[in-house]
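The structure appears right after this line, and notes come after that.
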Amino acid sequence: MYANLSLGALGLSADFPTAVELAARHGFAGVDPDVGYLAGLGDRAAIAEAAAAVAERGLRLGVAGLPVDLTAPAGEFTAQLAGLPDTLAVLSAAGVTSVGTWVRPMHDDLTYRRNWVLHVSRISLVAGVLADAGVRLGLEYVGPKTFWSTERFPFVHSLAEVRELIADTGAGNVGVILDSFHWFTAAETTADVAALADADIVSVDLNDAPEDRALDQQLDLDRRLPGTTGVIDLAGFVAGVRAAGYTGPVKVEPFMASLAEQPVDDVLADVSRRLHAAID
């Protein structure tokens, strides 16, 4: 596994060349691709040249966002799916092989079973388009009870459930996005993660949690930088990821607005140090 920089996940922003420079300067081994920037370069050769420049800095390209909303109204979903090959052409030219999205863990109208059928159908369609381009799809489950209990029908919010969902699609190019915060709020164990294989995991996020809330009171959008409070057993989580043989990107996504108020180099030096301390 390797330390990956995702400025957006940190609530920071910069153009892609700047992000690459920052990643290299602060000892990251990867950086998330900026699909909009790459698409704006115009043609496949220019995109490939930009990706080569990233590699020359000793960096890998991480995971792109899936530009398809799995829960969108039918017409919107169909239109987004039809536009997906255009995004994949950009990713292919850059050598990016993974995209990710999250599974919304509740619904006001659809029962668990009806929502399951909808997700299996739509994930299967998306996965088929991605497979044709040699791209994997990562699905992130969302663990906090304060989130999945806010609508009438709770949905997938644990590792076991998302693995069953993936299995029902029958797609061989769909895996899990693991986040230590969701792992913690779903009350999961090191063994749960260790039971996975590298092929089951598309991406990993490391976060800590506030120490002034009970497990079922944790809020999805209020986290801490890894190793800040010790509320989450990051050593146990990482041990499970390592036992699974995972080789991909690891990033930080703390949803802390305060990070954008600090000098960017200070923030990234701290994040890099925390990531390397956890995974090296």
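Only the coordinates and a few stated rules stand behind these numbers; no lab work does. All figures in this text were calculated on a predicted structure; none of them were measured in a lab. As a convention, Cβ positions derive from the backbone with ideal geometry for all residues, glycine included, and neighbour counts pool all protein chains shown.
Assorted remarks:
- Shown in residue order for the stretch 214-231 are the 3J(HN,Hα) couplings computed by the Karplus curve 6.51 cos²θ - 1.76 cosθ + 1.60 at θ = phi - 60°: 6, 3, 7, 10, 5, 9, 4, 9, 9, 10, 9, 5, x, x, 7, 10, x, 5 Hz (x for Gly and Pro).
- Distance-filtered residues of the stretch 131-146 - backbone nitrogen under 15 Å, label point 7 angstrom along A187 Cα→Cβ: 143-146
- Using a simple spin-label model with pseudo-atoms 7 Å out from Cα toward Cβ, F153 and D132 lie 3.0 nm apart.
- Net charge, D108 excluded, C-beta distance under 15 Å - Lys, Arg +1, Asp, Glu -1: +1
- For the chain: rounded, prolate or oblate by the Cα gyration tensor [a/c cutoff 1.5]: oblate
- For G100, residues with placed amide H under 5 Å, excluding near neighbours: A64, G65, L66, G138
- Cβ-based net charge around V204, under 12 Å, with every Lys or Arg adding one and every Asp or Glu removing one: -4
- Neighbourhood net charge (13 Å Cβ-Cβ; Lys/Arg +1, Asp/Glu -1) for I47: -3
- When +1 charges are put on Lys and Arg Cβ atoms and -1 charges on Asp and Glu Cβ atoms, the dipole computed for the chain relative to its Cα centre reaches about 420 debye.
- Modelled spin-label separation between S13 and T229, with each label point placed 7 Å from Cα along the Cα-to-Cβ direction: 2.8 nm.
- Förster radius 35 Å - calculated FRET efficiency between H276 and A89 (Cβ-Cβ, nearest 0.05): 0.50
- Using C-alpha pairs under 8 Å with a sequence gap of at least 6, the mean separation divided by the residue count of the stretch 70-215 gives a relative contact order of 24 percent.
- Relative contact order of the stretch 3-131: 23 percent, from C-alpha pairs under 8 Å at least 6 residues apart in sequence.
- For the chain, the relative contact order is 21 percent, taking Cα pairs closer than 8 Å that sit 6 or more residues apart in sequence and dividing their mean separation by the residue count.
- Sequence-distant residues sharing a close amide H with R224 (under 5 Å, placed H): D208, A209
- Net charge dipole size for the stretch 28-179 [Lys, Arg +1 and Asp, Glu -1 on Cβ; Debye, nearest 20]: 320
- Residue-averaged 222 nm ellipticity for the chain, from DSSP H runs of 4+ at -39500 (n - 2.57), nearest 500: -13000 deg cm²/dmol
- The chymotrypsin sites (Phe, Trp or Tyr not before Pro) of the stretch 223-280 meeting both criteria, a DSSP state outside H, G, I, E and B (loop) and at most 16 other C-beta atoms within 10 angstrom of the site's C-beta, are F255.
- Residues with amide H under 5 Å from that of V202, placed H, sequence gap 5 or more: V176, I177, L178
- Pair A194, D265: separation of 7 Å Cα→Cβ label points (nm): 4.3
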